[in-house]
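Report on one structure; see the data block that follows.
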Amino acid sequence: MAMSETVKSPARTPPGGGAAALRTSGVPADEARWTALCTRDAEADGAFVYAVATTGVYCRPSCPSRRPLRRNVTLFDLPREAEAAGYRPCRRCKPTELSTAQRNAAMVEAACARLADGPLPLDELAAAAGVSAHHFHRTFKAHTGTTPAQYARALRARRASDALAAGERPAGAAFAAGFASLSRFYDEAAERFALAPAALAGKGRGEVIVAAAGPSPLGMVTAAFSRSGIAAVRLTDMAAEGRAEIAAQFADAILIDGGPPFATLLADVIAAVGEPALAAELPLDIRGTAFEERVWAALRQIPIGTTASYAEVAAAIGAPGAHRAVAKACGANRIAVLVPCHRVVRADGSLAGYRWGVERKRALIAAEAAPERAGPGAHGTTRTEAKHDG
Ligand SMILES: [Zn+2]
C-alpha cells in the first residue's frame, strides 16, 4: 500500500534538535549551543558542558556564572571529556552532578511510581522527595501537567477500565484500585465512561449501576444502587434470578457487582426488608412513568400494619376508577418492600398477586400486622416511633 508515499528526507532535523543536535567534543561553540549557554537553558543541561580557557573551569549550560567570551569556550559532550582536557568542574553549577531539571525529573518519576499504589498525601510525597510541599506540587505539575491527586485519579480510573476490559469483576477491581467512597466511585465511573451526570431515558443508559445480593428471611435480596440511591430491590429464591432481573431492568447501564464497600448499603436494605419502618430512612431512586410514580408514592403513605385496596389507592392519587391501572403500576414496582406494593390487596381483602410470590406478600403483611411486629427478620423492636401504629 501507499505506493505514492513521499520518500522521507534523510536530512531532516533530528528529534530534540537544537543544542543536542550536534554532539562533538573539544570544538568551539556552535550557534545552537552558544545560544543555549547564553540563555542559560536548563533544557540543554546534560547535552553538553562548556569549558572556559581563561578560568580552566567547565560548566553546565544553565550555570549562572558570568557569560564567557565566545572565543574562549570549548564544548564537550561529557564532563569527563572536559576533565580529560584538563578542566575542572565549576563549583557553582556542579556539572558532574544531576542538574536541577534531571533531579526534578527523577523526583517526579519516583513519585509517580509511588502513586501507582494509590493516592498519597502531598506532604508525604514531598517529604519522600526531600522538598517542600509547594515545590513538589509545582514541579510535579510542570512535569506531568496534572497535580499528584489528579494523576493518581487518572491512573486509578485507567486501571479500573483496564480491569473491565480484562473481564474482571469490575467493582472488586475498582475498589481494589483504591476507590474510597461510593460517591467518588460514581463520579469517577461517570468521568471514565464519559457518562451524563443524570440518568438518561431508557434502561439506565449513561449510568453505572451496582448490584449486590444477600440472604434475608424472605429469600435472596438483590439490590441495585445508582448514584441517587436504591434503584431496585428484588426478592428471589436464588441470587442469580435477582441479578438477571436487575440486568434486564438496567439493560443499557454499565452494571457491575458491588464489593465490600457496598456491604453496608446492602445490609441496610436487608434490614428494611425485615423492618419496613427503616425504609423511610433509605434513599430511593424511584423511576417510572409519572402515573407509576404517583401510585408508588401513595403506596408509601399506607401505614405499616395496614392494607389498602387498589380502588382506595386510585382515589388517593385523584384517579378514582383507575384501579386497574393502579394494579398494573403495583405490578411494575421494582423496589420490593421499600415501596410497599405488598400492602395493596383486593377490595374483598384477598391478596391478589405479588411480583415476588404471594407467599412472600402474605408473610410481609402478617409480620407488619403483628402487634410486636416480630416479623421476618425483625430485630428493630426497640424502635418506638408512633408512626408504627396502623
Ligand atoms: Zn558553572
Exposure proxy check: L75, L120, L125, L266 ranked by fewest other beta carbons within 10 Å?
L120, L266, L125, L75
At what distance in nm do the modelled label points of E31 and A332 sit from each other, each positioned 7 Å from its Cα along Cα→Cβ?
7.7
Distance between modelled label sites at T55 and K94, nm, 7 Å Cα→Cβ extension:
1.7
Based on the Cβ-Cβ distance from A263 to A133, what FRET efficiency comes out when R0 is 35 Å, to the nearest 0.05?
0.45
Residue-wise HN-Hα coupling along segment 58-67, computed from phi with Karplus coefficients 6.51, -1.76, 1.60 (Hz; x: Gly, Pro):
10, 10, 7, x, 8, 3, x, 5, 4, 5
Shape descriptors of segment 100-145 over alpha-carbon atoms, Rg and Dmax in angstrom, are 9.4, 27
Taking the Cβ of F225 as the center, what net charge do the other residues with Cβ under 12 Å away carry, scoring Lys and Arg +1 and Asp and Glu -1?
-3
Lys/Arg +1, Asp/Glu -1 at C-beta; segment 100-145 dipole; positive extreme among H137, T100, L125
T100
So, in nm, how far is label E359 from label A280 when the simple model puts each one 7 Å beyond its Cα toward the Cβ?
3.2
Once Lys and Arg are counted +1 and Asp and Glu -1 for all other residues with Cβ under 14 Å from that of N104, the total becomes -1
Excluding A322 itself, what net charge comes from residues whose Cβ is under 11 Å from its Cβ, given Lys and Arg +1 and Asp and Glu -1?
+3
Efficiency of FRET from Cβ geometry, A248 and Q150, R₀ 35 Å, rounded to 0.05:
0.40
Could you please state, rounded to a whole Å, how far the C-alpha centre of segment 301-368 is from the C-alpha centre of segment 279-295?
14
Sparse-neighbourhood loop sites, GluC sites (Glu not before Pro) in segment 312-375 - DSSP loop, at most 14 other Cβ within 10 angstrom:
E372
Note: C112 to A42 extended length (0.36 nm per residue) minus current alpha-carbon separation gives 23.0 nm
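Every number here is computed from the coordinates shown, using simple stated rules; none is lab data. The structure presented is a predicted model; accordingly, all values stated were derived computationally and were not measured. With ideal geometry, Cβ positions are generated from the backbone for all residues, glycine too; neighbour counts draw on all protein chains shown.
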